[in-house]
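The values are calculated or read from the model by the stated rules, or taken from the named source; none is laboratory data. Owing to the predicted nature of the structure, the values given are computational and were not obtained by experimental measurement. Positions of Cβ are generated from backbone atoms using ideal geometry, with glycine treated the same way; all protein chains shown enter the neighbour counts. The accessibility values were calculated without ligands, DNA or RNA, using every heavy atom of the protein model including side chains. Shrake-Rupley method; radii C 1.70, N 1.55, O 1.52, S 1.80 Å.
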Amino acid sequence: MNENKMSIRRKLNDFYGRDVYTSRLIIMLLVVLISMLILKPAKFFSFINFQTMVAQFPEFGLMSLGIMLCMITGGIDLSVVGVANLVSISSGIILKALVAADGSLPWYGILVSMICGIVIGLVAGVLNGILVAKFSIPPILATLGSYELFLGIGIILTKGKAISKLPMEYSSVIAGKLFGIIPVQLIIFVIMAGIISFLLSRTTYGTRIYMLGTNMKAAEFSGLDTTGLLIKTYALSGICSALGGLVMLANYNSARADYGAVYTLQCILIVVLGGVNPNGGKGRISGVVFSILVLQMLSSGLNMFPQISNFYKSLIWGCVLLIAMTLNYFSENRNRNN
Amino acid sequence: MMGKKMKGLLSKHEFYISLVIVLLCIMIEIRSGQFFTPNNLVDLSSALIVPGLFAIGAFMVIVSGGIDVSFPALASLSVYATTRILTDINYKGGILLPIVMVLVFGALLGAFNGFFIAKLKLPTMIITLGTSSVFKGIMQGVLNSTQIPNIPEGMKNFGTAALFVAKNEQLGLTSRMPVAVLVLIVAIGLAFFVLRYTMFGRAIYAIGGNETSAYRAGFNVGRTKFILYVIVGAVSSLAGLIRTCMMGQMHPTNMLGMEMMIIAGVVLGGVAITGGDGTLTGCMLGTILIVMVQNSLILLGVPTYWQEFFLGALIIVGTGISAMQVLRNRKRLVSKKLGEESS
Amino acid sequence: MAQSVIKVVDVKKSFGAVKALKGVSLEIAPGEIHCLAGENGCGKSTLIKIISGVHAPDSGHIEFGDKIYTKISPIEAIMNGVQVIYQDFSIFPNLTVMENIVFNSELKDRRKLVNWKRFRRIAEQAVDRIGFKVDLNARVGDLPVADKQLVAICRALMFNAKLIIMDEPTTALTKKEVNALFKIIMSLKEQGIAILFVSHKLNEVFEISERFTILRNGEKIITGNTSELDDKKFTYYMTGREFEDLRFKPKNVSDEPLLEVENLGLTGYFHDVSFSLKRGEILGITGLLGSGRTELALSLFGISPADQGKIRIKGQEVVIDSVASAMKHNIGYVPEDRLSEGLFLPQSIADNIVISELENISSKSGVIDKKKRRSEIEKWVKELGVATNNPNNACNTLSGGNQQKVVLAKWLSRNLDILILNGPTVGVDIGAKHDIHAILQNLAHEGLGIIIISDDLPEILQNSSKIIIMKNGTVVAELNPEEIVENQLSEYMMGGNE
């Protein structure tokens, strides 16, 4: 018994971050599921509802992954929504330009527009990385500025209007279902999350960014290429946002410079709830994915109550974030006193 | 290539940003011939009132080593609540009661921020992101906010009351200098006094410089921060009220999103995002620059949809220059120190 | 003895299961300079915190004259004339000297408003009291370390201080600055102010203090007169062990030089530095702070690349312009400030060990080989004797000496040719210090070329096969440690300067 206790305690110490956060998320998930089971069992626990949910979260889920990476290095990427919109606008423009005279999209159209979108996201991310790593601008400011910049470019490209009347092919593929069951958006998310998870846990890059996020100076003195690592990380975040933007383009079948403005806050909330330390060096993708799922369920659940206006979500999310931070405070304090 | 004088100039932020402002003025004047007209200057000053008040709050928070992104949501909520209550009771009185009400609401909401930041010592950016979401949720969800087209007479009158009217003979345009500009002037004066001549103000700088030292020196760090956020809540709400009065109607959401622009202005003014460093003058100059860019692009003949792009570029260039400045200063300091010791 | 300024009687303090102080008594007379020494974790800092009111003792009491306290608040401590000067000086780098000096007393007087004239007047009096010449409007962050310390001292004097506690005040000071500080301490003594001087540098203890107290494991080992103390006794009291000094005798010195440096220089920092290092040798480099010794090391490691002269490795001329290029030539560097430059404290011991050799334990595409990683970690934990039962624990669970071993492991795992160590045993307990010295000597015997940079002269003398002394950015002497003694070394270092 005693030995058992000891080992649990040691585990808690070893994986303190992950265990506390994950268990908290599991509790939240259970609360949501049980209340839905009581209140709206038929509607919530339906195949269609789950299919909708897994098609909805990838757009902000992808952006959250980007923010997570940057936070692990001790930074933050506030430009994710800006990048996503810029990508979805430019890919939208490219799609429209590729449409042939007879109104059909050539077979390579989707691929070309997606690749262009990803490249734009990459370039935007590299720009962020250069601002942070080469010019040593604090990441909050650098990405805040680049957010305005990307937003601005988006507005210039669209003259402030929405880009619509896109060829239907794009939306029907990206917002479609593989084998008629699995939403393609989910597949994109799973692939990206898989890649990042692999990078973080199994590669030298992963170990290095955790170390860099812990202590930048020691990283330099240990011979890490800090500039390169930071640029890579922000570039990766740019790619995540680009994919998010491409999914948004398919979901809305239109693009606009100011779509998804609430996602910035929501993504930070997800990442922090998922146990990523805003000061860097700590955080796991499992926690973040878990946290994405919890929030999506919470949000879909709330949608089933027409009397609760959409605006309550903002209140609930804010409260969840504040409560999570407060709990962190108390659990960390207790840990310290022990 | 760069003379010593130039270097000295560059190291002084206020100088540098004034230079940019002057250049921009001249550029606009050359392009449009409309910059130094009385009505344009009055328009600019009147556009400066609300961002200026917000900037004072954001500035004090940044100096203390924090960052507050909740003030527009906070202001929207307290102004919405005030306006809603007053319209519902069919309030007919003057501006005094609305001011008192927003100040009280603002202080309460600020105390909410302060509780998490000062008592629980949680990171300010994440917390204010959270409270900002809560404030928005309360306003849009619980209070079910909608646009209030007819705000009480007293508020409307305050918003339209003019100190004087400036005329542009050439174009036949007139602009009114709102009475509310006095609020900004008084607020700047008060902030200057508080920051320079009260121990509370020095405590804000001290905490931003080194929180542990501040605690050891005997500053009441928790209380100082708490009061700071209460004040910021009240000042921001006052700014929101002025905006609503000047517009003559209450749009619950149209202040949201201003936080980034305001913080950008403060940082452009040379206020260190890491806390402890920066002057009120710099903060105001930075805000003026941002407001000028926003208001004067039309005069330059640039389509308005270029606005965000220029703002973004301005933030990046401005923060980039100050970041490089910090790096250079640090290097210079090291070599200076070595020089002294080996001599 | 006249009535004491402070009398600590049988104070006990536990933190959870850890007994930090097991009944310690201490008495200090007015104008006495008392040295408090002991290894890390001996209870020194707990004792200071109890005296200054940060912690409350579990039992025992503190007497100030006739007043007896079983518990004291920070304010009461100040009222009774206790002032602490912390190692980091507790200053505000962003504010002026004037404000830094005056704040504490203004706050004690519960003033709400700022009167800049009064600030200036009070600050002037404070700096005059120790004859400190400084611009009151200067930003403290821009001052040299020694001046920052004087600012902290001036501030402490504002409160009718009767006892000033200085926590390792000489750590960041040059010899010259230490002398100046000691002069000020003597003048404070003449004003009747007692000083509790926390230090573990023996020569300072001898030079400045009249009496000393040594703690070990929360117990007071001895209080006595410094005149009765010597090197051996001091070490014994501190550690409870006796150590034999292991003088380095190079065994397997290669014929060909490993590293040759010719007229190396970095503008503004050092110039015309030449030396050579063979396998199996340990080169000791010493000099005052600011002599260019650290910058030389940083240049050899590519952090601030040299802009003059040549570096040859194994006879080949090489360019070292980045950390990566230094590492390519198998150079490793153990930095001066272990905590901020050497380690990733909250991360695991394991990751701290492998961080610089990741490319050796991974595939070309960067995928880490878990087996190789584990065996590397096990190997180095064992080889260097890092005291841990689980390398997945965070590095900050280790003591200073073991942390330094982790930094060593990080570099040794890379198959180095040259290892540069800057202050290899700063802040390390005497026991661990001996361990580290033994490890370094062994490494040299195994064919590594080692450079030790240190201002700990006994360390340099004991561990080097060759010593070079730097002054004003260049080499002033190259010496054989067999032929000289400590005093000669310091003469070279200071020579002509005073």
message = Among the residues of the stretch B:53-64, are any surrounded by fewer than 24 Cβ atoms within 10 Å (Cβ to Cβ), of a type outside the set (V, I, T) and farther than 17 Å from B:G106 by Cα?
response = no
ask   = Of all residues in the stretch C:37-93, which are in a strand (DSSP E or B) and aromatic (F, W, Y)?
value = C:F64, C:Y69
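Tell me, please, whether a residue that is under 16 Å from B:A239 (Cβ atoms), of a type in the set (D, E, K, R) and within 14 Å of chain A (Cβ to nearest Cβ) can be found in the stretch B:65-80.
To start, the set of residues in the stretch B:65-80 that are under 16 Å from B:A239 (Cβ atoms) comprises B:68-80.
Still in the list and also of a type in the set (D, E, K, R): B:68.
Subsequent filtering for residues that are within 14 Å of chain A (Cβ to nearest Cβ) retains B:68.
Yes, the stretch B:65-80 contains a residue that is under 16 Å from B:A239 (Cβ atoms), of a type in the set (D, E, K, R) and within 14 Å of chain A (Cβ to nearest Cβ).
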ask   = Just one of the numbered conditions (1) in a helix (DSSP H, G or I); (2) among the aromatic types (F, W, Y); (3) at pLDDT below 90 is not true of B:F193; which one?
value = (3)
request  = Could you grab me the full set of residues in the stretch C:327-344 that are within 8 Å of another protein chain (Cβ to nearest Cβ), outside any loop (DSSP other than H, G, I, E, B) and open to solvent by less than 10 Å² (accessible area, probe 1.4 Å)?
outcome  = C:Y333, C:G342
message = Which pairs turn up if I take residues in the stretch C:345-362 that are closer than 20 Å to A:G280 by Cα and part of a loop (DSSP other than H, G, I, E, B) and look for partners that are aromatic (F, W, Y) and at pLDDT 85 or above with beta carbon separation below 9 Å, at least 6 apart in sequence or on another chain?
response = C:Q347/A:Y210
message = Which condition from (1) more than 16 Å from C:G449 (Cβ to Cβ); (2) open to solvent by less than 30 Å² (accessible area, probe 1.4 Å) is the one that C:L246 breaks?
response = (2)
remark   = Checked the stretch C:64-86 for anything open to solvent by 40 Å² or more (accessible area, probe 1.4 Å) and either among the acidic types (D, E) or within 14 Å of chain B (Cβ to nearest Cβ) (or both); matches are C:D66, C:S73, C:P74, C:I75, C:E76, C:I78, C:M79, C:Y86
query = Could you count how many residues in the stretch C:100-118 are farther than 18 Å from C:I153 by Cβ, assigned to a helix (DSSP H, G or I) and not charged (D, E, K, R)?
reply = 2
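Here is a list: B:L10, B:L41. Which entry is modelled with pLDDT under 80, in a helix (DSSP H, G or I), aliphatic (A, V, I, L, M) and open to solvent by less than 80 Å² (accessible area, probe 1.4 Å)?
Within the list B:L10, B:L41, the selection yields B:L10.
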remark   = By residue number, the members of the stretch C:295-305 that are open to solvent by less than 30 Å² (accessible area, probe 1.4 Å) and either more than 10 Å from every other protein chain (Cβ to nearest Cβ) or small (G, A, S) (or both) are C:L296, C:A297, C:S299, C:L300, C:G302
task = Inspect all residues belonging to the stretch A:217-229 and state whether any of them is surrounded by 21 or more Cβ atoms within 10 Å (Cβ to Cβ), at negative phi and within 19 Å of the chain's Cα centre (by Cα).
result = no
request  = Just need a number here: residues in the stretch B:131-158 that are away from every other protein chain (no Cβ under 14 Å) and either at pLDDT below 85 or out of contact with any Gly (no Cβ under 7 Å at 6 or more places or on another chain) (or both).
outcome  = 9
query = Restricting attention to the stretch C:257-272, does a residue exist that is away from chain B (no Cβ under 14 Å), in contact with a helix residue (DSSP H, G or I) (Cβ under 9 Å, 6 or more places away or on another chain) and of a type in the set (D, E, K, R)?
reply = no
query = From the list A:I209, A:I187, which residue is part of a helix (DSSP H, G or I), farther than 14 Å from A:V289 by Cβ, touching a Leu at 6+ places or on another chain (Cβ under 7 Å) and within 14 Å of chain C (Cβ to nearest Cβ)?
reply = A:I209
task = Name the residue, out of B:L103, B:L195, B:L184, that is open to solvent by 40 Å² or more (accessible area, probe 1.4 Å), touching a residue at least 24 places away in the same chain (Cβ under 8 Å) and not polar (S, T, N, Q).
result = B:L103
query = Do the conditions hold for A:L131, that is, is it in a helix (DSSP H, G or I), open to solvent by less than 20 Å² (accessible area, probe 1.4 Å) and more than 23 Å from A:Y259 (Cβ to Cβ)?
reply = yes
task = Exactly one condition in (1) in contact (Cβ under 8 Å) with a residue 12 or more places away in the chain; (2) assigned to a loop (DSSP other than H, G, I, E, B) is not met by C:G268; state its number.
result = (1)
task = Pick out, from the stretch A:236-338, the helices (runs of 4 or more DSSP H) lying fully within it that include 3 or more residues that are within 13 Å of chain B (Cβ to nearest Cβ) and of a type outside the set (A, V, I, L, M, F, W, C).
result = A:263-273, A:311-337
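Go through the stretch B:116-172 and give me each residue that's of a type in the set (D, E, K, R) and assigned to a helix (DSSP H, G or I).
Answer for the stretch B:116-172, where residues must be of a type in the set (D, E, K, R) and assigned to a helix (DSSP H, G or I): B:K119, B:K136, B:E153, B:K156.
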request  = Could you grab me the full set of residues in the stretch C:352-364 that are facing another protein chain (nearest Cβ under 8 Å) and open to solvent by 30 Å² or more (accessible area, probe 1.4 Å)?
outcome  = C:E359
ask   = Among all residue pairs at least 6 apart or on different chains, which show Cβ distances below 9 Å where the first residue, located in the stretch C:132-144, is within 12 Å of chain B (Cβ to nearest Cβ) and open to solvent by 70 Å² or more (accessible area, probe 1.4 Å) and the second is β-branched (V, I, T) and assigned to a helix (DSSP H, G or I)?
value = C:R139/C:V97
